[in-house]
Structures are given as structure tokens and as C-alpha cells.
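The structure that follows is given in the form of C-alpha cells.
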Amino acid sequence: MTALGFLYPGHSAEDDYPRIEQLLGSDIRVDLVHTDLGEDAHRVDVLRQMGAPEGLAKGVEQLRLAGAEAVVWACTSGGFVHGWDGAQEQVRTLATTAGMPASSTSFAFVHAAREVGAGRVAVAATYPDDVAALFADFLRTGGVEVTGVRSAGTVTAAEVAAWGEAEVLALARAADSADAQAVVLPDTALHTAACLPALEEELGKPVLTANQVTVWEALRLTDRRVHAAGLGALFVREPTVQV
């Protein structure tokens, strides 16, 4: 049994995680601890506070007691708003506090894009324009070219959590471009675990979504590879060494 630990802010699309655990169909256990969301707003100042070390440290002990072998900060915007160096420091601090390998959803997107061989991606962000632009900058710093950014401009995680498959598909279609090798949807408040096959069938290319790449990143940290067709190309393709 491999136990994966996740720190997830508030309550939005956390039900994606037991769904993903079921789709993995293997000896994988997903343990999720909720951190304090604070103010529910996609504003840079709020997002920076959400990922503060003291807030993340509160949930670590529960994951350690549950036997987690790796921990991922499951909040994309709570990572990339600190910039590349700040997000790295955030993860280093988390690993030290937890006493186990650690990462964040922001870095998971960079690693996942490399995994599926996508050197160019289109960003389909639920965030306001300024926050979406910071995510695109983060990807570029990680060596991933961004062909374009489509922002839905939603202000709160609660709004995003209420989206259904139709809204998710519409945003992904609007963001896609012919030169993008994959489409990425970066918000962990967005329900996507149930519609990954539909997204990839619609777009005809890999689709990377926040909760999907978060779980994949935890598996990567524990040196596990799991074939799960229901979770999209990321979980079925042979690994690519370099973008």
C-alpha cells in the first residue's frame, strides 16, 4: 500500500480525490487534510497568505500519523503566486516540516507537461486575468511555452466548484489552439476527475487538470507509476525524458 498525502485548502472539489483513488484501481491510498482557506478570493495577497508555512504545517502531523509517504500542497495558485523561487522555498519548508518528499500542484504541472511531451500548452484558467498571467509566467520559467491564456475571471473557489462538465469543456475549447500540444486547467477548486476522457476526446490532445496532476505528482514522489485510462493521457503514456 502506498499512502499519498495532500493538503487541500477549504472545501471545493475535494471529492475529486476519492474519485481519483477509485480510478487508480491499485494499492494506492489518498489521504487529504483540509487547510484554512481564509478569505475565498482569487487575489494575489490572499493567495500568498493561504500558502504560508504556518498554515501548511498545521495539517502535516495528521498526514504523518496516517502514514503518508509524500505530501503535495494541493493548491495551484497558492504556489505560483510566490514565483518560481518562492514556490521552491515553500516546498522545501514543507518537506522539512513533514519529514517526507514534498511538492505542490504548481510544480506538478511543469513535471506533467514534460511527462506527456508537451513543450507548448494552452492555459484555460478559471482565475482573473492577473492571477492567470502569473501562472503562465510560472510555466514559462519551468521551460514550458504558453501558446495563450484564456481567463474565466471567477473570483472565488466556491464559484468554480459549482461548475459542471459543460462549463469545463467550454473553457478548455476556448483556450485551445492548433499549436498547443496540451491544454492545462490549473484550479484545484474545479471538478475535472469525472470528465478527463471527454475533455481529451473533445480536444484530441492531452489535458492536464489540477487535481489530476496533483495525485500524479505524489505518485512520482513515491516512484510509483499507475496505468489508469480514466485519468487521461498523463496516466497512460510512456514517460518522456525531455520536452
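Only residues of the stretch 136-159 count here: report those whose backbone N is under 18 Å from the spot 7 Å along Cα→Cβ of Asp15, or say none.
157-159
Hey, could you get me the Stokes-Einstein D for the chain, Kirkwood radius over alpha-carbon pairs, 25 °C and 0.890 mPa s, rounded to whole µm² s⁻¹?
In µm²/s, the coefficient is 142.
Which order do Val71, Val44, Val123 fall in if you start with the one that has the fewest other Cβ atoms within 10 Å?
Lowest to highest Cβ neighbour count: Val44, Val123, Val71.
For Asp179 paired with Asp45, estimate the spin-label separation in nm (one decimal), with each label point 7 Å from Cα along the Cα-to-Cβ line.
3.8
If you don't mind, there's one more thing I want to ask. Report, in debye and to the nearest 20, how large the dipole of the stretch 117-209 comes out about its Cα centre when Lys and Arg carry +1 and Asp and Glu carry -1 on their Cβ.
Its charge dipole is roughly 180 debye.
Please give, to one decimal in nm, the separation of the simple spin-label points placed at Thr222 and Met1, each 7 Å out from Cα toward the Cβ.
1.0
Can I ask one more? Could you compute how fast the stretch 169-209 diffuses translationally, taking Rh as the Kirkwood radius over C-alpha pairs and applying Stokes-Einstein at 4 °C with viscosity 1.567 mPa s? Give it in µm² per second.
126
At most 13 other Cβ atoms within 10 Å and a DSSP loop assignment: could you name the GluC sites (Glu not before Pro) in the stretch 16-71 that fit?
Glu39
Please rank Thr76, Thr2, fewest neighbouring Cβ atoms within 10 Å first, as an exposure proxy.
Sorted ascending by nearby Cβ count, the order is Thr2, Thr76.
Once the Cα gyration tensor of the stretch 117-209 is diagonalised, what are the square roots of 5 times its eigenvalues, in whole Å and ordered largest first, as equivalent ellipsoid semi-axes?
19, 17, 10
Can you sort Met50, Met1 so the residue with the fewest Cβ neighbours within 10 Å comes first?
So the ranking, lowest neighbour count to highest, is Met1, Met50.
Here, each number is a calculation from the coordinates, and none is a lab measurement. Just so it is clear, the model here is predicted, and its values are computed rather than measured. All Cβ positions, glycine included, derive from the backbone under ideal geometry; neighbour counts span all protein chains shown.
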